[in-house]
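First comes the structure, then the notes that go with it.
Derivation of every value follows stated rules applied to the coordinates shown; laboratory data play no part. Please read all numbers here as calculations on a predicted model, not as lab measurements. Cβ coordinates were reconstructed from backbone atoms using ideal geometry, including for glycine residues, and neighbour counts include every protein chain displayed.
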Amino acid sequence: MDTNAEIKKTKTAMENAVKHTLTEFNTLHTGKASPGMVENLSVEVYGSISKLREIAAITTPDVKTIQIQPWDKESVKAVEKAILAANLGVTPIVSGMIVRCVMPEMSGERRQELSKVANGMAEDGRIKVRVIRRDTIELFKKAKKDGVIGEDDLKRLEKEIQTLTDAAIKEIDESLHLKSSDLIKV
């Protein structure tokens, strides 16, 4: 068993879990317009499903507006439909080839609600990281039981995995703190 390869695989899996959590955070809007809020929306064009970022240019001309300009005028209605279906709390405004979404002001109650959603997303991320840790440690324990690695190696590897776990969870927690303070800030 190549323990270094397993450690690298575990580190990559944990980094991906953290990235996924941070991507989830980007879907929460704070009253400020962000292309990340809409770029992954699924849009049905020409009989297939595409991500919005693949069929349109997405910009934020100001802090309250997302502007979407499909590359094909036939896609405008599909983009509008996808935004409405996503239930983002915005109503798309179509003017010619451009779809604009103006972010509404958020109430204090809505901000608190979004902060709780962010906490849930962070907890999901932490759970993913812990599952990766558990699976890797079980793999190493099995290798020790099979005589592939020794007791000292197992202890060292467990400590290494725990260090990776702590770093990943710390990154999620720091991002959650930033997101929560951004959400609650009026």
Relative to the longest principal Cα axis of the chain, at what angle does helix 151-184 sit, 0 to 90 degrees, rounded to 10?
20
Put one equal scatterer on each alpha carbon of the chain, apply the Debye formula with no solvent term, and list log10 I(q)/I(0) at q = 0.09, 0.15, 0.16 1/Å to two decimals.
-0.48, -0.89, -0.95
Rg/Rh for the range 55-104 to two decimals, with Rh computed the Kirkwood way over all alpha-carbon pairs.
0.93
Calculated from DSSP H runs of 4 or more alone, at -39500 (n - 2.57) each and per residue, what is the 222 nm mean residue ellipticity of the chain, nearest 500?
-21000 deg cm²/dmol
Using Cα pairs under 8 angstrom and six or more residues apart, how large is the relative contact order of the chain, in percent?
25
Relative to the longest principal axis of the C-alpha atoms of the chain, give the angle of the C-alpha long axis of helix 76-86, reported between 0 and 90° and rounded to the nearest 10°.
50
With a 10 Å Cβ neighbour count serving as the proxy for reagent exposure, in which order, fewest first, do E105, E6 appear?
E105, E6
Please order E109, E54 by the number of other Cβ within 10 Å, starting at the fewest.
E109, E54
Any chance you could give the angle, 0 to 90 degrees and rounded to 10, that helix 3-26 forms with the longest Cα principal axis of the chain?
30
